[in-house]
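For reference, the structure discussed in these notes is given below.
Read-outs throughout are calculated quantities, based only on the coordinates presented, and are distinct from any laboratory measurement. Treat the numbers as computed from the prediction; the structure is a model and nothing was measured. We place every Cβ from the backbone using ideal geometry, glycine too, and count neighbours over all the protein chains shown.
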Amino acid sequence: MRTKRVVAIIQARMGSSRLPGKVMAPIIGKPMLWHVVNRVKRSKLVYKVVVATSTRLEDKKIVEFCKKNGVDAFIGPEKNVLKRYYLAAKQYRADVIVRITADCPLIDPKIVEKSIRTFFKGNFDYLAILTGAGSLKSKDKKYPDGMDCEVFSFQSLEKAYREATSNKEREHVTVYIWRNPHKFKIGKLESTVDCSDIRLVVDTKEDFLLVRKIYSKLYKKTPNFGLEEILSLFKKKPELLKINRLNIGKEGYEEFWNEKERITKIV
């Protein structure tokens, strides 16, 4: 594991249909992207953190943020995010890629580390953290949506890049991989406690409000707080969960396949 160059690539863009500019929205005086980057940097098994954004004019703000904060930035195609990832991974000589999205400002470094360890231990080509409610009605215990992390080898990414043909496969990076379990050894990281009824991703103003409240309650005393502290907070203040309750189950898995396909292919 130590000989592998693990590169975390955070995809970020200013455009968002429901919450434009959310990645630069302030949380405790810092842009949301700043929190994502610094949380991922605390993962001891990650060699380098790269922010991958697009060529759109509005995304120059992300590049400027990276320059100002000493973060590696990669600029690639807007729609073909699979190509963006492939070119970024190639430029930074990644043996293993950890995929993170910039709308997860509560990503837990310990869970990222656990996913990487599980990836290596199982000798997988691809591993995903099971998160959210979505269309998954299986008995698998899931982490909250917003703890999303995928780990995959450069060889798997390259194979997907060369073979993927549909727009969805090229826009969503790993769809080709987990749609083809006969071509890749696929693993999953299951939670010890089911948290599929908790949403920590930022996609709407309600999501953002909840995240800001979590930071306001925990950050000052425990800057490096993780999922354990968040769950403890919810036990003390369960009313917080009502803020974005209506967004639960809207992760969008249905557009890729139905429930039966999802359960049988991610094994």
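Summing Lys and Arg as +1 and Asp and Glu as -1 over all other residues whose Cβ lies under 9 Å from the Cβ of Ala102 gives a net charge of +1. Applying a threshold of 21 Å to the alpha-carbon distances of Lys188/Lys235; Lys22/Lys61; Lys22/Lys213; Lys79/Lys168 flags Lys188/Lys235 as lying beyond it.
Residues Asp108, Asp59 in ascending order of nearby Cβ atoms (within 10 Å, fewest first): Asp59, Asp108. The Kirkwood hydrodynamic radius of the range 1-140, based on inverse pair distances between different Cα atoms, is 15.8 Å.
Put in line by how crowded their Cβ is, counting other Cβ atoms within 10 Å and starting with the fewest, Cys66, Cys195 read Cys66, Cys195.
Computed over the chain with a Gaussian network model linking Cα atoms closer than 10 Å, the most mobile of Ala164, Ala12, Ala102 is Ala164.
Between amide H atoms placed 1.01 Å from N, distances below 5 Å from Gly76 occur with Thr53, Ser54, Thr55, all of them 5 or more places distant or on a separate chain. Once the Cβ-Cβ distance between Lys41 and Lys242 is put in as r, and R0 is 51 Å, what FRET efficiency do you end up with, to the nearest 0.05? Rounded to the nearest 0.05, the efficiency is 0.95.
Among Ile62, Ile111, the ranking by other beta carbons within 10 Å of each residue's beta carbon, starting with the fewest, stands as Ile111, Ile62. Using θ = phi - 60° in the Karplus curve 6.51 cos²θ - 1.76 cosθ + 1.60, the 3J(HN,Hα) couplings for the range 211-228 round to 4, 5, 5, 4, 4, 5, 8, 10, 5, 4, 7, 9, x, 9, 4, x, 4, 4 Hz; x is entered for Gly and Pro. Note on the chain: semi-axes of the ellipsoid equivalent to its C-alpha gyration tensor, largest first and rounded to whole Å, are 26, 23, 18.
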